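Below is one structure, written out as structure tokens, with a few remarks after it.
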Amino acid sequence: MKIAILGGTGPQGQGLALRFAKAGIDVALGSREQARSADIAAELNRRISEYEGRGEIEGYANAEAVSRADEIVMLAVPYAGHDATLEAIRPALEGKILVDLVVPLAEKDPKSVAMPPEGSATEAAQALLGPGVRVVGALHNVSAHTLNLLDERINCDVLVCGNDADAAQTVMDLVGRLEVSTYYAGPAINARCLEAITPILIRLNISKKVPFSHAGIRIWAPGSPA
Ligand SMILES: NC(=O)c1ccc[n+]([C@@H]2O[C@H](COP(=O)([O-])OP(=O)(O)OC[C@H]3O[C@@H](n4cnc5c(N)ncnc54)[C@H](OP(=O)(O)O)[C@@H]3O)[C@@H](O)[C@H]2O)c1
């Protein structure tokens, strides 16, 4: 299986690429500059060279990365580049699943969100791309720091939303290969909640009043160990 990660050169995209490749999945790492993603892909492959059964990470320009993906394309650019990146790759995305993990953080305050008129980045992506692309919101609340600590388990659960339940399930199956619990959080409108959790985590993580950073969220089932 091969997935694409657009904006894969940033900390979140790199962390995801490492985790998926470590799990045996090939990754087409996208960038606005092919040379940049090729350099970073080479470095990431070196970091996972010791893992048996690993997938291969290859660097491409964003549009080429989309066409290399079998079905799933992840969008990991900052919110400022969300719509323009999607506009540029729209034809290549037709028939695929877009996983939108973009959090529309407020420009000068990462402890707040500034949601688009559509309600959330996930809904904005679906409106922009139309029904030929199934948009799924996921992975908004997992920190890049955690993803990059390759020898440690991911410290949180992953909530997934989208109007097409089959597409959401496909994404949950993929993310489940990272040994995390995934939960279907309902239709795309619920991305408004999922995206808005991240600035709260950022607020906690930078607070001097709590003894941790890089926190995530976890669903606690009554009766299970705390
Ligand atoms: N970092 C985290 O811990 C974290 C956690 C949860 C969710 N997220 C979400 O994941 C996404 C990526 O986070 P990040 O921290 O990796 O972001 P980032 O480092 O700011 O950006 C990721 C990549 O996006 C590309 N990019 C930058 N500005 C762009 C623009 N205006 N238009 C198109 N592409 C642009 C760059 O790649 P090229 O220059 O190579 O094109 C960059 O390396 C964000 O939407 C963020 O909200 C991040």
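The values are calculated or read from the model by the stated rules, or taken from the named source; none is laboratory data. Quantities reported herein were computed from a predicted structural model and do not represent experimental measurements. FYI the Cβ positions are ideal-geometry reconstructions off the backbone, even for glycines, and counts take in every protein chain you see.
Odds and ends about this structure:
- Members of the range 95-112 that are more than 10 Å from the ligand (Cβ to nearest atom) and either closer than 12 Å to residue 192 by Cα or not aliphatic (A, V, I, L, M) (or both): 95, 96, 107, 108, 109, 111, 112
- The criterion of being among the small types (Gly, Ala, Ser), buried (at least 19 other Cβ atoms within 10 Å of the Cβ) and at pLDDT 95 or above does not hold for residue 127.
- Extreme residue, surrounded by the fewest Cβ atoms within 10 Å (Cβ to Cβ), among residues of the range 146-160 that are without any contact (Cβ under 8 Å) to a residue 40 or more places away in the chain and part of a loop (DSSP other than H, G, I, E, B): 151
- Residues located in the range 125-145, provided they are in a helix (DSSP H, G or I) and over 13 Å from the mean Cα position of the chain (by Cα): 125, 126, 127, 128, 129, 145
- The sole residue among 211, 222, 199 that is under 27 Å from residue 106 (Cα atoms) and loosely packed, with under 11 Cβ neighbours inside 10 Å is 211.
- Some residue of the range 9-24 being farther than 22 Å from residue 172 by Cα, crowded, with 19+ Cβ neighbours inside 10 Å and hydrophobic (A, V, I, L, M, F, W, C): no
- Qualifying residue in the range 31-38 (condition: of a type outside the set (Asp, Glu), in a strand (DSSP E or B) and out of contact with any Phe, Trp or Tyr (no Cβ under 8 Å at 6 or more places or on another chain)): no
- Residues of the range 69-114 that turn out to be among the charged types (D, E, K, R), touching a residue at least 40 places away in the same chain (Cβ under 8 Å) and surrounded by 19 or more Cβ atoms within 10 Å (Cβ to Cβ), as a count: 1
- Residue count, the range 45-68 (criterion: in contact (Cβ under 8 Å) with a residue 24 or more places away in the chain and part of a helix (DSSP H, G or I)): 9
- Answer from 33, 71 - the residue that is near the ligand (Cβ under 9 Å from one of its atoms) and either in contact with a Lys or Arg (Cβ under 6 Å, 6 or more places away or on another chain) or not aliphatic (A, V, I, L, M) (or both): 33
- Residues satisfying the stated conditions in the range 130-142, i.e. within 16 Å of the ligand (Cβ to nearest atom) and either of a type in the set (Asp, Glu) or surrounded by fewer than 23 Cβ atoms within 10 Å (Cβ to Cβ) (or both): 141
- Answer from 122, 85 - the residue that is closer than 28 Å to residue 202 by Cβ, of a type in the set (Ser, Thr, Tyr) and either near the ligand (Cβ under 9 Å from one of its atoms) or assigned to a loop (DSSP other than H, G, I, E, B) (or both): 85
- Considering residues of the range 90-108 that are at pLDDT 95 or above and charged (D, E, K, R) only, the residue farthest from residue 10 (Cα to Cα): 94
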